[in-house]
Amino acid sequence: MNEKSVEVKLPILRVIEKSARPLEHRLDSMLSDYYCGDLKVSKADLALLLEFRSALSTMKIILEGYFEDAEEHEVQVLHIPKKEFQALLMFSRTAELAFRTPVCNTGLWSH
């Protein structure tokens, strides 16, 4: 490992991915309700929902790539480029923020 990479254990990445599943379900449910006409939202709330879903989708794509690499190389520790790891952290923080942000007069923790 060099100074431009971060050593990350695969189980930690799996915990991040697993903890995002409820958020993915809630966001997809709210967006589905919106697109079906069952949920009225302001433009600002819709922008928030889409922003959170985008961050979550990007995070999941990155994680899936890591899981495939780990499986292919049969390793439990990955050496992730530092900038890539920082991006992953940014996406995961955005997803975590979604749980605490009131959207559509409710919170994603209760939808």
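We did not get these values from a lab; they are worked out from the coordinates using the rules stated. Worth saying up front: this structure is predicted, and the values here are computed from it rather than measured. Counting neighbours? That spans all protein chains shown, and the Cβs are built from the backbone with ideal geometry, glycine included.
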Self-check item: Amide H partners (placed H, <5 Å) of Val6, local residues excluded
Solution: Ile80, Lys82
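Note down the net charge around Ile16, summing +1 for each Lys or Arg and -1 for each Asp or Glu among other residues with Cβ under 13 Å from its Cβ. Intermediate values should be presented prior to the final figure.
Values: positive: Lys9, Arg14, Lys18, Arg21, Lys60, Arg93; negative: Glu17, Glu24, Glu64, Glu96.
My count for the surroundings of Ile16 gives +2.
Averaged across orientations, what area in nm² does the convex hull of the alpha carbons in the chain project?
7.5
Please report, in debye to the nearest 20, how large the charge dipole of the chain is about its Cα centre when each Lys and Arg carries +1 at its beta carbon and each Asp and Glu carries -1 there.
Working: 14 positive and 17 negative charges, 106 e Å.
Taking the Cα centre of the chain as origin, the dipole is about 500 debye.
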Self-check item: Charge context of Leu63, other residues only, Cβ under 13 angstrom, K/R +1, D/E -1
Solution: -3
Quiz prompt | Leu39 long-range amide H proximity, modeled H, under 5 Å | solution = Tyr34
Quiz item: Once both labels are modelled 7 Å past Cα along the beta-carbon direction, what's the Leu46-Ala87 spacing in nm?
Solution: 2.9
Quiz item: If exposed trypsin sites (Lys or Arg not before Pro) are those in a DSSP loop with at most 11 other Cβ within 10 Å, what is the longest stretch of the chain that has none?
Solution: 41-111
Quiz prompt | Additional length obtainable on full extension of the chain from Glu72 to Glu3, 0.36 nm per residue less Cα span | solution = 22.4 nm
Exercise. Report the relative contact order of the chain, percent, no decimals, based on alpha-carbon pairs under 8 angstrom and at least 6 residues apart.
Key: 43
Quiz item: From the backbone phi of the stretch 86-94, what are the Karplus-calculated ³J(HN,Hα) couplings (6.51 cos²θ - 1.76 cosθ + 1.60, θ = phi - 60°) in whole Hz, Gly and Pro given as x?
Solution: 5, 5, 4, 4, 4, 5, 5, 5, 5
